[in-house]
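Some notes on the structure that comes next.
What follows is calculated from the coordinates using simple rules that are stated; it is not laboratory data. Quantities reported herein were computed from a predicted structural model and do not represent experimental measurements. So basically every Cβ, Gly included, is an ideal-geometry build from the backbone, and we count neighbours across all protein chains shown.
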Amino acid sequence: MDDPSTVVTPSPPQGAAPRRVLVTGGAGFIGSHVVSHLLLTCSQVRVLDDFSTGRIENLAEAMRRGLTASDVFRGDVRTAQAAEMIGRWRPDVVVHLAGQSSLPAARRSPLFDADVNILGTVNIADACVRGGVRLLVHAASSAVYGEPGPDSLPLGEDHPLAATNPYGISKAVGVHYLDWYRREHGLTYTALAFGNVYGPPPVHGGASVVALLTEALLDGRLPTIHGDGEQTRDFVHVVDVAAAVVRACQCPGAGLVNIATGRQTSINDLYRVARTVLGVEAEAHHVPHPHPLEVRRMALDTSKAMTHLGWHSTIGLTEGVRLTVEEARRRRFGYTAPEAATSGAVGGCRPLTSCQLARQPPP
Ligand SMILES: NC(=O)c1ccc[n+]([C@@H]2O[C@H](COP(=O)([O-])OP(=O)(O)OC[C@H]3O[C@@H](n4cnc5c(N)ncnc54)[C@H](O)[C@@H]3O)[C@@H](O)[C@H]2O)c1
């Protein structure tokens, strides 16, 4: 299940760091890590986020690395103002991570999910074409592939896009649109199909199954596992994902590229790893799966990421869970997040005020 992180040292990416990068959804779980990584490459970085699930506190590390109040814009990727922002600032690369990121939420409201994930992506792609953006790096998902056939794991990018739930469908439609913009308007894009991304959860907002299990164990609660727990996913650490996005920004457009580990891990195995890391014996509580038709097995072939981006995952599952637990402990015992600095209605794209940013957690 866990393995030595690697076999071959990838060759460095071809291109130089882009001068200007706009990150939509930059205040979210993955986005905040991406922004922090990008700032180390000397790119000028701006964030566009509506703060629906993202939080300014998630950008604390990026602020320490030089992101300022005037680099962070509150706005909705579905609006004309978002498109205008791209036209005015003219970034070399747009990293489009803003999206409705929850599968349960997509099931509850397919309309909202499609609105944000499809219309938001079309609006950003359209603005990239009109604004002469060199490259659009987009957050797709393993959910675009649907249920793999019995002998097809790990899935390559040539697997049909046959999503079986609203979230996967909206993500797959986004990829189809990017490909249409490429053919029709010459848009260069890389759509990264992330596996299940885990790591220290954001200050507020959703949490991966890894965080949910470890948090329950830290609380002394009995964790709940849906179904028999033998369903598998390809778990990839958020730091590896951020590194992949940075690589994608420095490389030519590569179309759809899987970003994962190539390994499937069952929820039961994941739970065993979490128990070992935490040194506890508790059995999990199994409840009937609320969606028994959910994809049963998943693992993504990552050879294209290696050849096109020079990227492979470096953090094994045991190490990744250990890092997640360490961060959870640090937050519980060494740090308390302040109240969210951003709330209220979302308007056009405007920089956050310095007084809002002054409410960052202390470095
Ligand atoms: N976390 C995963 O396992 C995973 C897996 C595959 C794909 N993805 C995709 O990666 C991207 C980032 O996911 P995440 O886990 O960081 O989720 P997240 O919810 O933490 O981040 C999404 C960010 O987008 C912002 N946002 C949402 N709607 C917006 C809108 N209309 N306009 C502007 N900003 C908006 C949110 O405020 C948030 O900051 C999403 O597109 C998600 O679908 C995530």
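Quick notes on this structure:
- Taking only the C-alpha atoms of the chain, the Rg (one decimal) and the largest Cα-Cα distance, Dmax (whole number), read 19.5, 57 Å.
- Rounded, prolate or oblate (a/c below 1.5 giving rounded, otherwise prolate when a/b exceeds b/c) for the stretch 97-169 by Cα gyration tensor: oblate
- Share, in percent, of DSSP beta bridges within the chain that are antiparallel, nearest 5: 10
- Computed [θ] at 222 nm, deg cm²/dmol, the chain (DSSP H ≥ 4; -39,500 (n - 2.57); rounded to nearest 500): -10500 deg cm²/dmol
- The label point for Trp89 and the one for His226, both projected 7 Å from the Cα toward the Cβ, are 3.5 nm apart.
- What the phi angles of the stretch 224-229 give under the Karplus curve with 6.51, -1.76 and 1.60, with θ = phi - 60°, is a coupling list of 9, 10, 7, x, 7, x Hz, glycine and proline written as x.
- Ordered by the count of other Cβ atoms within 10 Å of each Cβ, fewest first, Arg55, Arg65 give Arg65, Arg55.
- Residues considered: Cys42, Cys251, Cys128. Largest GNM mean-square fluctuation over the chain, using C-alpha springs under 10 Å, is found at Cys42.
- For the stretch 236-302, a Kirkwood radius taken over Cα pairs fed into Stokes-Einstein (37 °C, viscosity 0.692 mPa s) yields D = 217 µm²/s.
- Amide H to amide H, with H built 1.01 Å from N, Ala191 comes under 5 Å of His138, Ala254, Gly255, Leu256, Val257, counting only residues 5 or more places away or on other chains.
- Dipole of the chain, positive direction: furthest Cα of Ala140, Thr314, Gly186, with charges on the beta-carbon: Gly186
- Percentage, to the nearest whole number, of Cα pairs in the stretch 6-139 over 18 Å apart: 54
- Separation between Cα centres of the stretch 121-178 and the stretch 236-302, rounded to whole Å: 18
- For the chain, built as a Gaussian network whose Cα springs stay under 10 Å, the top-fluctuating residue of His33, His138, His185: His185
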